[in-house]
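The values are calculated or read from the model by the stated rules, or taken from the named source; none is laboratory data. Source: prediction; values computed, not measured. Virtual Cβ from ideal backbone geometry, glycine too; neighbours counted across all protein chains shown. Please note that ligands, DNA and RNA were not included when accessible areas were found on the heavy atoms of the full protein model with its side chains. Shrake-Rupley method; radii C 1.70, N 1.55, O 1.52, S 1.80 Å.
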Amino acid sequence: VFRSGEGMGIRLDSASAFQGAIISPHYDSLLVKVIASGKDLPTAATKMHRALTEFRVRGVKTNIPFLQNVLSNSQFLYATVDTQFIDENQELFNLKPTQNRAQKLLHYLGHIMVNGPMTPIPVKAKSSSVDPAIPSVSLGEPPVGFRDILLKNGPEGFARAVRQHQGLLLMDTTFRDAHQSLLATRVRTHDLKKIAPFVSHNFNNLFSLENWGGATFDVAMRFLWECPWKRLQELRALIPNVPFQMLLRGANAVGYTNYPDNAVFKFCEVAKENGMDIFRVFDSLNYIPNMLLGMEAAGAAGGVVEAAISYTGDVSDPMRQKYSLEYYLKLANELVKAGTHILAIKDMAGLLKPEASRLLIGALRDRFPEVPIHVHTHDTAGAGVAAMLACAQAGADIVDVAVDSMAGMTSQPSMGAIVACTRGTKLDTGVTLDRVFDYSEYWEVARGLYAPFDCTATMKSGNADVYENEIPGGQYTNLHFQAHSMGLGNKFKEVKKAYAEANKLLGDLIKVTPSSKIVGDLAQFMVQNSLSRAEVEERADELSFPLPIYFNGVHFLNSHSNQMLIVHICWS
């Protein structure tokens, strides 16, 4: 590449420089002579600097960065310069590298075209070449939504309004957890922004829109090369009337380690300033001190605090006593005492069955009649709609759904199904079914753009075996992809069985990030090395466990006198 900088007061004496020229290292290194004129030296130097900045020379190194430093030097411009000038001003050699944006972009595009995506993908599915059609949006300001109530009445008044609301409220997870569960969180801000105005104008009666937190930060920066803060700002500008909701991992914020308290507080403060409204705070082991930190941070920032109890087990099964109904009621009591505005049940694996839903939500409603209850689940087994309807009938105020074309399997239950099933009843959502169809049509086509990451590339249906292995919906897809990339794709059934065994080895954990990853890594380790649960127990001293088994510096498995020591680590 050779493009010269020109303009008023600039003269060029060209030598051998042109695009495609071969520059010999054995003769004159001059490419072009630049002469600038002005009424005085500073004026001429300014013109020269501008011209040098406009030069684009690629393929050979040049002295342009050095010359720009000389032209910016105050001694050169205003004082005496002698033959010692360069020796006395070594900062002239602090050269600023060129950005070379166009060349980098071309190199990136060429690399992708020749070598394929930079993220290893175990399937050969190709992205769709069809862009989704954006449904029409009426002109003018979007209608009043629940965020207007929040801004007017504050978090406490907002919670009261939710509790007093007639009908079932919905949180739409399409903008985050749905595509995390189905598309490995790869949906770009670009595609979210295109449908955002339609959501603002047609779904103003949603309780909230989950669009941030959780894995958003990790994937945005590592794979999408996007700024998660900019995503939040841009979506807020496009959807001013619907509350935004995020997932906050207690003392871990949106990361995978525990952060200093002041960092978590500052994070929540900045998130609130940039448009976040509701903070769903949870801990992977339901460890209350970790949750209290996140709750205090969200509350201090002025956000709505939604304390979430991570659900596992089966409260309708009298044989499973570790995570009994009393266990959840005790946790809920502590969180309500701590001042949560909303109480949430976070069913990461979709284990809530209709009967368990009635028992758990009914008991919570009886115990806390004034507190709004919000239920989150996944539809891995296919019973998600039935479970959410049971929750609503038992007293839940809000349930999580995803638009139809982004629902089901490891995602959330179908928005359209819930809307249709409650229409005309006391649980009527107030959402127009026709608008759901338009919304779903956009995402049906948009989903094709992410075909290489789509769980349907390796999964063809949901599976009720989740009631046995308890794999969280957000992990199920990733675990399937990992198994394929490790050569275990044909052994995924064994991986799922090993997951259940690994969970028992670790003491029957509540499985959600990061504890679920530890169970998953151990399960794959067991299948890779053809190890049974008994063999892991017997050989725990000599096995080289994968790194995640070391949780915050403490080994989860430790054999002593051929016995298994189970350790539950709670970090603070």
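How would you order 400-409, 506-515 from highest to lowest mean count of nearby Cβ atoms within 10 Å?
Ranking, from highest mean packing down: 400-409, 506-515.
In what sequence, highest mean first, do 234-247, 39-52 appear when ranked by Cβ atoms within 10 angstrom?
Details: 234-247: 21.4, 39-52: 15.8.
In decreasing order of mean packing, 234-247, 39-52 become 234-247, 39-52.
How much of the accessible area of the chain, in percent, comes from carbon and sulfur atoms when a 1.4 Å probe is used? Don't skip to the end; give the middle numbers.
Working: 14070 of 26320 Å².
The nonpolar share, carbon plus sulfur, comes to 53 percent.
Under the rule of at least 5 residues apart or a separate chain, name every residue whose amide H is placed under 5 Å from the amide H of Thr185.
Under 5 Å from the amide H of Thr185: Gln180.
Lys/Arg Cβ at +1, Asp/Glu Cβ at -1, dipole of the stretch 61-188 taken about the Cα centre: which of Phe66, Ala184, Ile112 is farthest positive-ward?
Ala184
Sort Trp443, Trp229 from largest to smallest accessible area, using a 1.4 Å probe on the heavy atoms of the protein chains.
Details: Trp443 0, Trp229 60 Å².
Descending order: Trp229, Trp443.
Per the Cauchy relation, a quarter of the hull surface: what is the mean projected area of the convex hull of the alpha carbons in the chain, in nm²?
Numbers: hull surface 141.6 nm².
Average of the hull's projected areas for the chain equals 35.4 nm².
Which of the aspartates and glutamates could a cross-linker bridge to Lys126, judged by Cα under 19 Å and excluding same-chain residues fewer than eight apart?
Of all the aspartates and glutamates, those that pass the test against Lys126 - Cα under 19 Å, at least 8 places apart if same chain - are Asp191, Glu444, Asp454.
Lys511: which aspartates and glutamates have alpha carbons under 17 Å from its alpha carbon, excluding same-chain residues fewer than 8 sequence positions away?
List returned: Asp177, Asp283, Asp314, Asp347, Asp379, Asp465, Glu468, Glu470, Glu501, Asp521.
Taking amide H positions as placed in the peptide plane 1.01 Å from N, state which residues far from Phe244 in sequence (5 or more) or on other chains have amide H under 5 Å from it.
Under 5 Å from the amide H of Phe244: Leu209, Asp277, Ile278.
Over the stretch 100-232, calculate the relative contact order: mean separation of alpha carbon pairs under 8 Å at least 6 apart, over the residue count, as a percent.
Details: 89 pairs, mean separation 36.8, N = 133.
The value is 28 percent.
If I model a spin label as a point 7 Å beyond the Cα along the Cα-Cβ vector, how far apart are those points for Leu151 and Arg320 in nm?
4.4
List, in order, the whole-Hz ³J(HN,Hα) value for each residue of the stretch 302-318 obtained from phi through the Karplus relation with A = 6.51, B = -1.76, C = 1.60 and θ = phi - 60°; use x for Gly and Pro.
x, x, 7, 8, 10, 7, 10, 8, 6, 9, 8, x, 7, 5, 8, 9, x
When the expected Rg is taken as 2.2 N^0.38 Å, what fraction or multiple of it is the alpha-carbon Rg of the stretch 38-103?
Working: Rg = 13.2 Å, N = 66, 2.2 N^0.38 = 10.8 Å.
This ratio for the stretch 38-103 stands at 1.23.
When all protein chains stay in place, what accessible area (Å², nearest 10, 1.4 Å probe) is found for Asp261?
Accessible area, nearest 10 Å²: 90 Å².
To the nearest 10 square angstrom, what accessible area does Asp541 show with a 1.4 Å probe?
Rounded to the nearest 10, that gives 120 Å².
What is the magnitude of the charge dipole of the chain about its Cα centre, with +1 placed on the Cβ of each Lys and Arg, -1 on the Cβ of each Asp and Glu, and no other charges, expressed in debye to the nearest 20?
Details: 54 positive and 57 negative charges, 219 e Å.
With only Lys, Arg, Asp and Glu charged at Cβ, the dipole is about 1060 debye.
If I take R0 = 41 Å and measure r between the Cβ atoms of Ile23 and Lys124 in this structure, what FRET efficiency does the formula 1/(1 + (r/R0)^6) give, to the nearest 0.05? Let's see the in-between values first.
On the way: r = 43 Å, r/R0 = 1.06.
With R0 = 41 Å, the Cβ-Cβ based efficiency is 0.40.
Given points 7 Å out from each Cα along the Cα-Cβ axis, report the Lys96 to Arg11 separation in nanometres with one decimal.
Placing both labels 7 Å beyond Cα along the Cβ direction yields 2.9 nm.
Tell me which of Val399, Tyr323, Val32 sits at the most positive position along the dipole axis of the chain, charges placed on C-beta atoms (Lys, Arg +1; Asp, Glu -1).
Val32
Would you kindly state how much longer the chain becomes between Gln84 and Leu139 on full extension, computed as 0.36 nm times their sequence separation minus their alpha carbon distance, in nm to one decimal?
Full extension from Gln84 to Leu139 adds 12.9 nm.
How many angstrom lie between the Cα centre of the stretch 225-260 and the Cα centre of the stretch 349-363?
After rounding, the separation between the Cα centres reads 29 Å.
Please turn the phi angles of the stretch 439-454 into ³J(HN,Hα) values with the Karplus equation 6.51 cos²θ - 1.76 cosθ + 1.60 (θ = phi - 60°), one per residue in order, whole Hz, x for glycine and proline.
My calculation for the stretch 439-454 gives 4, 5, 4, 4, 6, 4, 7, 4, 4, x, 5, 10, 3, x, 9, 6 Hz in order.
List the residues, sorted by chain then number, that are 5 or more residues from Val375 or on another chain and whose placed amide H is less than 5 Å from its amide H.
Amide H neighbours of Val375, under 5 Å, 5+ apart: Ile345, Ile398, Val399, Asp400.
So what's the back-of-envelope 222 nm ellipticity for the chain, counting only DSSP H runs of four-plus at -39500 (n - 2.57) apiece and dividing by all residues, rounded to 500?
Details: 22 runs with 241 residues, N = 572.
Only helices count here, giving -12500 deg cm²/dmol.
At a Förster distance of 41 Å, what's the computed FRET efficiency of Arg367 paired with Ala237, Cβ-Cβ distance as r, to 0.05? Can you show the working numbers first?
Details: r = 41 Å, r/R0 = 0.99.
Given R0 = 41 Å and the Cβ-Cβ separation, E is 0.50.
Along the stretch 64-73, what does the Karplus equation 6.51 cos²θ - 1.76 cosθ + 1.60 (θ = phi - 60°) give for ³J(HN,Hα), rounded to whole Hz, x for Gly and Pro?
For the stretch 64-73, the Karplus curve yields 4, x, 5, 4, 5, 5, 4, 5, 9, 7 Hz.
May I ask you to derive the FRET efficiency for Asn115 and Thr458 from their Cβ-Cβ distance with R0 = 30 Å, giving the value to the nearest 0.05?
Numbers: r = 22 Å, r/R0 = 0.74.
The value I calculate is 0.85.
In units of 2.2 N^0.38 Å, what is the alpha-carbon radius of gyration of the stretch 241-289?
Values: Rg = 11.2 Å, N = 49, 2.2 N^0.38 = 9.7 Å.
For the stretch 241-289, the normalised Cα radius of gyration comes out at 1.16.
Ignoring ligands, DNA and RNA, what accessible area per residue does the chain give at 1.4 Å, in Å²? Intermediate results must be reported in sequence, preceding the final value.
Details: 26320 Å² over 572 residues.
Result: 46 Å² per residue.
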